[in-house]
1. Do you know which residues across the range 1-56 are of a type in the set (S, T, N, Q) and within 12 Å of the chain's Cα centre (by Cα)?
2. Which one of these is over 20 Å from VAL61 (Cβ atoms), modelled with pLDDT of 95 or more and assigned to a helix (DSSP H, G or I): LEU14, LEU44, LEU37?
3. Can you name the residue in the range 21-31 that is small (Gly, Ala, Ser) and surrounded by 13 or more Cβ atoms within 10 Å (Cβ to Cβ) and, of all such residues, is nearest to LEU77 (Cα to Cα)?
4. Checking SER53 against (1) more than 24 Å from ALA76 (Cβ to Cβ); (2) in a helix (DSSP H, G or I); (3) of a type in the set (Gly, Ala, Ser), which test does it fail?
5. With the requirement that a residue be closer than 22 Å to LEU17 by Cβ, of a type outside the set (Gly, Ala, Ser) and open to solvent by less than 50 Å² (accessible area, probe 1.4 Å), what does the range 59-73 give you?
Amino acid sequence: MTSSLFWMAVGAALWLLGLHGLLSLRQALRRIIAFNLMGSGVFLVMIALAARSQPSDPLLVALVVTGLVVAVSATALALRLAGVAHDRQEPEQ
């Protein structure tokens, strides 16, 4: 088993674990974490695909770096929206 194949399998396992969490969990924070876990699995597979050839494919590496920036921004937005939704559900005194 090559190292690229190993890391692709680990990425697929992370994606499946995140999918399971996304479908089975009900709390917003846990679902956001599960969604990020799925994204990490995709990034890991893409990096493993890029590393198959020497030198590594710069397009896939650039896509992963861009995806990381977008994932951080989307996570920040999702956490803010979850916080606002949580605040609206609490009864006012």
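1. Within the range 1-56, ASN36, SER40 meet the criteria.
2. LEU37
3. Per the criteria, the residue is ALA28.
4. Answer for SER53: the failing condition is (2).
5. VAL64
Residue by residue, here is whether (1) exposed (fewer than 15 other Cβ atoms within 10 Å of the Cβ); (2) without any contact (Cβ under 8 Å) to a residue 12 or more places away in the chain holds:
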| residue | (1), (2) |
| --- | --- |
| GLY11 | no, no |
| LEU19 | no, no |
| LEU44 | no, no |
| ILE47 | no, no |
| ASP57 | no, yes |
| ALA76 | yes, yes |
| VAL84 | yes, yes |
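The values are calculated or read from the model by the stated rules, or taken from the named source; none is laboratory data. What you see is a predicted model; the values in this text were computed from it and never measured. Every residue, glycine among them, receives a Cβ derived from its backbone with ideal geometry; neighbour counts consider all protein chains shown. Accessible surface areas use protein heavy atoms only, side chains included; no ligands, DNA or RNA. Shrake-Rupley method; radii C 1.70, N 1.55, O 1.52, S 1.80 Å.
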